[in-house]
C-alpha cells in the first residue's frame, strides 16, 4: 500500500501547492474541471481553499444528471404513467424536477417506477415480466452510454420485445465547445474528465489547444491528482506549451476503449440537436438509437409531450454549469433549493456543484472566511 | 452515478454472455465484461465497475487507491455499494 500512503501524504500535497503558488506568481488563473466527480472531490477535500486565491476552479457541465432539461423529465414522467409500463431509472434521476413534479411524485401517484443500478437490471425486469412493457431512462456521458448500448445488443439478440430505452445520453465534446464559444467566460485551461476519457481517450480534446489555444490535462479523482493536474496546466502555460496531457494515465489511454466506442457507434447516432439544462440547444450533442434499433426506442413506441420547458426563473443552474457564478451566489441556494427539495438539477446529484458545495463546501468556506477575518484582525 | 468501483475478478462465469464473478469489498457479484473483451481478462485482474459493467482494467495499486478515495466519499459510496448489492442482474445467487 505504499502508493496509497504516498498519495495520502500531506507533504506531497504541500509540495504541489507550493509549486502551484510559485508557478502562478501574481497572475490570476481560472481552470474549469469538466467532470462532476472532480467537483465532488474538490469540495469534499476543500481543494479550493488549499489553492492560492489567484488560482480559481470553475465547475463545468460534466454531471449527467445536472444537464437534463425539465422537458425531458416531463417526458420521463409521462412515459412512467403509460398503462402497463414499468419505468426504470437510476436512483439519481428520481428527484430531478420536471415542470409538474419529479419521478418520486409520479411513483407516489401510482406509476410503476423502479430504481435500477444497471441497464441490465432493467432488461432482466423486462424478461421477468413479459406481459408488461419496460422502459429504461438512459442518462449519462460516454462513460455510461456503452453499457446501455451493450444492453440493447443483448435485448436484440435475445429477442426481447417488451424493452425500450428513453435515451438521454450525451457526449462530452459539444458542451466543451459551447463553453469555449461562450463570450462571458474567460478560462485558462481545463481539467479533463477521468472516466469519460477511459472510453473516448485523449484525441477528441485536441481541438481545445489547437483551435482555442487552451491546455487540457485529464485528471484522476484523488485530491493529489487534481493538484498535480493543476500544476501540469500551469507548467504548460509557463513553458509556453499548449497541449492535451494525461495526468490519469494509470487508467486513461490515449486511444480510449476502441471496443466501447465501436459498440456505441453500432447502436447510437448523433441527434441533430439536444437541449442541455442551462446551456440551451447544442447541435450533435445527444445520442439516439439507430434505425436498426427503432423497435427499442421509447420515443418511437410512445407519444411523449416533447415540449421544451424553460428553467424556473429563480434557478441559476445554467450560470453555475457555465461557471459564471459560484453555487452560493445563486439566489435560491440553500433557501428554496436544497438537496431535499431541489429547484435545479445541480442540487440533485452528489456530483452536482450545488449539492457538493451544500454538503461539504460550506464548512470549508466558512472556515476560510473566519480564518481570513482573524488574520485581518491580528495586525 | 459516475462512480467507478474497483472489483477483483474471481472467474469468468459465462464466456458467451461475457459475465464474470467479481469481489467488491468482500461481496461477490456478477458483472458484464463485454466492454473489455479485447483485454483478455483473467481471474485476479482488477477492474473499475460502472453500472454493472467493467469499464477499465486497472492494476492493484490503482484499485487500492480508488477504494480508499471512494471510502472517503462516505455516503455517496455507501449508496452506490448498496445499489450494486441490490442489483437484480448481478445477483450471485441466481446461478449462472
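How many angstrom lie between the C-alpha centres of region A:69-115 and region B:47-96?
Here the two parts' Cα centres lie 26 Å apart.
Considering all alpha-carbon pairs of region A:74-200, what whole percent are spaced by more than 24 angstrom? Intermediate values should be presented prior to the final figure.
Working: 3095 of 8001 pairs.
The answer is 39 percent, as a whole percent.
Arranged by the count of other C-beta atoms within 10 angstrom, fewest first, what order do A:346, A:330 take?
On the way: A:346 35, A:330 25.
Placing the least packed residue first, the sequence is A:330, A:346.
Give the average, rounded to an integer, of partner chain Cβ atoms located within 10 angstrom of each Cβ in A:82-93.
Numbers: counts 0, 0, 0, 0, 0, 0, 0, 0, 3, 5, 4, 1.
Across the residues of A:82-93, the mean count of other-chain Cβ atoms within 10 Å is 1.
Would you mind computing, in nm to one decimal, how far apart the modelled labels at residue A:22 and residue A:239 are, each placed 7 Å from Cα along Cα→Cβ?
1.5 nm
Convex hull over the Cα atoms of region A:194-330, averaged projected area in nm²? If you can, show how the numbers build up before the last one.
Details: hull surface 45.7 nm².
Result: a mean projected hull area of 11.4 nm².
Would you calculate the volume per residue, in Å³, of the smallest convex hull containing every Cα atom of region A:1-313?
Working: hull volume 47.9 nm³, N = 313.
Hull volume normalised by residue count: 153 Å³.
Using 0.36 nm times the number of residues separating residue B:61 and residue B:40, minus their current alpha carbon distance, what extension gain do you get? Kindly include the intermediate steps, with their values, before the conclusion.
On the way: separation 21, 0.36 × 21 = 7.56 nm, distance 1.97 nm.
My answer for the length gained is 5.6 nm.
Could you work out Rg/(2.2 N^0.38 Å) for region B:5-86, with Rg from alpha carbons only?
Numbers: Rg = 12.0 Å, N = 82, 2.2 N^0.38 = 11.7 Å.
Rounded to two decimals, the normalised Rg is 1.02.
Fewest Cβ neighbours within 10 Å first, please rank B:73, A:32 accordingly. Numbers along the way, then the final one.
Numbers: B:73 18, A:32 26.
In order of increasing Cβ crowding within 10 Å: B:73, A:32.
Please compute, for peptide B:67-78, the average count of beta-carbon atoms on other protein chains lying within 10 Å of each residue's beta-carbon. Mind showing how you got there, number by number?
Values: counts 1, 7, 13, 1, 0, 6, 6, 4, 2, 9, 1, 0.
That average works out to 4.
Using only DSSP helix segments of four residues or longer, with each worth -39500 (n - 2.57), what per-residue ellipticity at 222 nm results for the protein assembly as shown after dividing by its residue count and rounding to 500?
Values: 19 runs with 176 residues, N = 475.
Per the formula, -10500 deg cm²/dmol.
Relative contact order of region A:107-191: what whole-number percent is it, with Cα pairs under 8 angstrom and at least 6 residues apart? Show your work: numbers first, answer last.
On the way: 72 pairs, mean separation 24.9, N = 85.
Taking the mean separation of contacting Cα pairs over the length of region A:107-191, I get 29 percent.
Hey, rough spin-label estimate for residue A:53 and residue A:300, points 7 angstrom out along Cα→Cβ, what's it come to in nanometres?
5.9 nm
Just the number: Rg to Rh for region A:263-357, Cα atoms, Kirkwood Rh, two decimals. It would help to have the intermediate numbers written out before the result.
Numbers: Rg = 16.5 Å, Rh = 15.4 Å.
Here Rg/Rh amounts to 1.08.
Ratio of Rg to Rh for region A:163-219, alpha carbon only, Kirkwood? It would help to have the intermediate numbers written out before the result.
Numbers: Rg = 13.3 Å, Rh = 12.7 Å.
With Rh from the inverse mean 1/r over Cα pairs, Rg/Rh is 1.05.
Quick one: if you stick a label point 7 Å off each Cα along the C-beta vector at residue A:182 and residue A:266, how many nm between them?
Going by the 7 Å Cα→Cβ label model, 3.7 nm.
Taking the alpha-carbon centroid of each part, what is the distance from region A:129-164 to region A:259-280 in angstrom?
Cα centroid of region A:129-164 versus Cα centroid of region A:259-280: 16 Å apart.
Based on the Kirkwood radius over alpha-carbon pairs, what value in µm²/s does the Stokes-Einstein equation return for the translational diffusion coefficient of region A:171-275 at 10 °C and 1.306 mPa s?
Details: Rh = 14.6 Å.
In µm²/s, the coefficient is 109.
Defining a contact as two alpha carbons under 8 Å apart and six or more residues distant in sequence, what relative contact order in percent does chain A show?
Numbers: 698 pairs, mean separation 82.9, N = 379.
Taking the mean separation of contacting Cα pairs over the length of chain A, I get 22 percent.
A short reminder: the numbers here are calculations on the coordinates, not readings from a lab. Everything numeric in this text was worked out from a predicted model, so none of it was measured. Note: ideal-geometry Cβ built from the backbone for every residue, glycine included; neighbour counts use all protein chains shown.
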